[in-house]
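None of the figures in this text is laboratory data; all of them are computed from the coordinates on show. What you are looking at is a predicted structure, and each value in this text was computed from that prediction instead of being measured. All Cβ positions, even for glycine, are placed from backbone atoms using ideal geometry, and neighbour counts span all protein chains on display.
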Amino acid sequence: MKAIAKTRPAYGAEVIELPVPRPGPNELLVKIAACGICGSDLHLYLWELGAERIAGRLPFVLGHEPAGEVVETGPGVTGFRPGDRVALDPFGHCGRCGPCRAGRFHLCAAPTTLSGAFAEFTIAPVANAYLVPPTMDFEQAAMLEPFGTGLHAVEQSCLRAGDSAVIEGPGPIGLSIALAARALGVTSIVVTGLGVDAERLAIAERMGFHTVAAGRPGWTAEVRAMLPAGGADAVFDACGMLDSARELLRRGGELVEVGWPARDVSSAELRALFFHGVTLINSRIRTPETWRRAIAMVASGNVDLRPMVTHRYEISHGIEAFELLRARGGLKALVVPGT
Ligand SMILES: [Zn+2]
Ligand SMILES: [Zn+2]
């Protein structure tokens, strides 16, 4: 089978030929229908930010946001059979550590990570697989991973129907937060992004969200004019800048950090948030329960993830997806092996 792999500890990736893997105990062999490319794939492609952790595992097949069809089940598998449609969670939890025993699986002290889905087939432990209904197309199923991250962020906040939110960062996670907030009844939503995000902000507009280009003089006043007097109930930082929450939030509002902090935050800024009564929340990935709700929201038609998919590449052209992401082109690119 064809697969996109890191073959050298350096910039780049290549399309290689590998044998179709066989499922072990409690594993599924999944024929990949679509797999999203995300920022962490790009870090490995560029060989930066911790990429050396896979140096001993080359060739390393990339891709960890897949959906596809079960074609074979390993020994001991129950609950799945060939023909089932599944979305795969790249994060596994140990089930034994303190956070797992408290049901906080996203904070597992010994998580496992899956990769290997930019390929025609991949192996998945059953614990990482979620059944999706036959009515859900595979592209939306592949988008459940980022959508679940956005939904989890909204669920970590105290937002209720009729509330207001600002989402900074119009990437797949930011727009997933916006979709989840709208589905939960948040009525006043503004998505912001920088100049380089113009294409993504245009997509957000088409999805029905108000947008403001950030970074220009007076941009926070523009956002405030779209919110109830007093400011937003919650600001979601999906870009790691953490620099405008004080101006956008109402007193006592919530700042939910979803992107990795990308700059140093001064004590003066933290003090300003303190005196504004801001609650700081960090939101990481998702829980198994988030998957259940994300699948139901998309399957019911209440949330449509399709507008976020802007590019599709077959495996032999998959390297182009990395270069697109590097240039911040489009919104979400999928590798689609079957085409
Ligand atoms: Zn990812
Ligand atoms: Zn654990």
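Evaluating 6.51 cos²θ - 1.76 cosθ + 1.60 at θ = phi - 60° for every residue in the range 196-207, the Karplus couplings come out as 5, 9, 3, 5, 5, 5, 5, 5, 4, 4, 5, 7 Hz, glycine and proline recorded as x.
Using every pair of separate Cα atoms, the Kirkwood estimate puts the hydrodynamic radius of the chain at 20.7 angstrom.
Using 0.36 nm times the number of residues separating GLU222 and LEU46, minus their current alpha carbon distance, what extension gain do you get?
On the way: separation 176, 0.36 × 176 = 63.36 nm, distance 3.66 nm.
Here the segment from GLU222 to LEU46 would lengthen by 59.7 nm.
Between PRO288, PRO66, PRO133, the residue with the greatest mean-square fluctuation in the GNM of the chain (Cα pairs under 10 Å linked by springs) is PRO133.
All alpha carbon pair distances within the range 149-282 were sorted into 10 Å bins beginning at 0; the resulting P(r) in whole percents reads 14, 50, 33, 3.
Computed 3J(HN,Hα) for the range 28-39, one whole-Hz value per residue from the Karplus formula 6.51 cos²θ - 1.76 cosθ + 1.60 where θ = phi - 60°, is 10, 9, 10, 7, 6, 9, 7, 9, x, 9, 10, x, glycine and proline marked x.
Whole-Hz Karplus values for the range 162-175 come out as x, 7, 10, 8, 10, 10, 9, x, x, x, x, 6, x, 6 Hz, taken residue by residue from phi with 6.51 cos²θ - 1.76 cosθ + 1.60 and θ = phi - 60°; glycine and proline positions read x.
What you get for the range 1-73, charging only the Cβ of Lys and Arg (+1) and of Asp and Glu (-1), is a dipole of about 180 debye around the Cα centre.
Excluding same-chain neighbours fewer than eight residues apart, the aspartates and glutamates reachable from LYS2 by a Cα-Cα span under 13 Å are GLU14, GLU17, GLU120, GLU314. Based on DSSP H segments of at least four residues, each scored -39500 (n - 2.57), the chain has a per-residue ellipticity at 222 nm of -7500 deg cm²/dmol.
The residues HIS106, HIS93, HIS317, when put in order of fewest to most other Cβ atoms within 10 Å, stand as HIS317, HIS106, HIS93. The distance linking the range 10-40 with the range 235-311 is 30 Å (Cα centroid to Cα centroid, whole angstrom). Straightening the chain between THR113 and ALA202 buys 28.7 nm, computed as 0.36 nm per residue apart minus the Cα-Cα spacing. Panel order for TYR130, TYR45, by other beta carbons found within 10 Å of each beta carbon, from fewest to most: TYR130, TYR45. Annotation: amide H of ILE167 within the under-5 Å range of VAL190, VAL191, THR192, PHE236, sequence separation 5 or more or interchain, hydrogens built in the peptide plane. Reducing the range 91-151 and the range 46-78 to their Cα centroids gives an inter-centroid distance of 12 Å.
Using Cβ contacts closer than 10 Å as the measure, can you line up GLU17, GLU72, GLU269 from fewest to most? Numbers along the way, then the final one.
Numbers: GLU17 7, GLU72 18, GLU269 14.
Least crowded to most crowded, the residues run GLU17, GLU269, GLU72.
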